[in-house]
1. With +1 on each Lys and Arg Cβ and -1 on each Asp and Glu Cβ, how big is the dipole of region 73-190 about its Cα centre, in debye rounded to the nearest 20?
2. Near Ala184, within a Cβ-to-Cβ distance under 10 Å, what is the net charge of the other residues, with Lys and Arg +1 and Asp and Glu -1?
Amino acid sequence: MYKHIHVLGKFAAAFGLAIAFNTAAVAAPTNLVAAGNTNPPIGHFEFCKTYPDECTALGRDPGPLALTRKRWATMLEVNTRVNQSIRPDTDFNIYGVEELWSYPRTVGDCEDYVLLKRHMLMKKGFSASDLLITVVLQPNGDGHAVLTVRTDYGDYILDNMRGDVRLWSETGYTFVKRQSSEHAARWTKLGPGSATNVGTIKN
């Protein structure tokens, strides 16, 4: 949609036409854009030591997946199933440590929800390059982890704190960094926000 608006805007300017655009749509592209490499969260760094097969090179980025009705239904189903089956709690209460990323069985914190959703969607045929663990800041400044699903209709967010699936620009979060679409162990910056502020991601 953003590309279409951009092209139409250039067309209008070339012919001196005055066209009113939706300013929100112009200001917020539907896909997040990487802004350079950054360090992974410590929890994901340690997770990759335990699950090296989950943190491999993914090859050249082929671009976002084509979002079909079937894939959309699958995204909704996985998001709902995991949110309803896992009880939220902190790593300290579960494991006795401040930060530990792992696959949950019945209880977990936000990163654990993300890992399970990513794993389930990959088993259903989604590419790892389109399923990116993402660090955000909530409006109150707390760190949080969500799963970004890249599509040709925009980047959608699967979140354990919401029952619906929304475009990233509709979440109210500040997007800090996420996994690289070309290497599952590497991370890229997404916008304002210090990585040191989200070393311990809260649920």
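Computed from the coordinates by the stated procedures, all read-outs in this text should not be read as laboratory data. Predicted, not measured: the structure shown is a model, and the values here were computed from it. Every residue, glycine as well, gets a Cβ built from its backbone with ideal geometry; the counts of neighbours run over all protein chains shown.
1. Details: 14 positive and 16 negative charges, 70 e Å.
I would put it at about 340 debye.
2. Working: positive: Arg118, Arg186; negative: Asp53, Glu54, Glu182.
Every neighbour counted, the sum reads -1.
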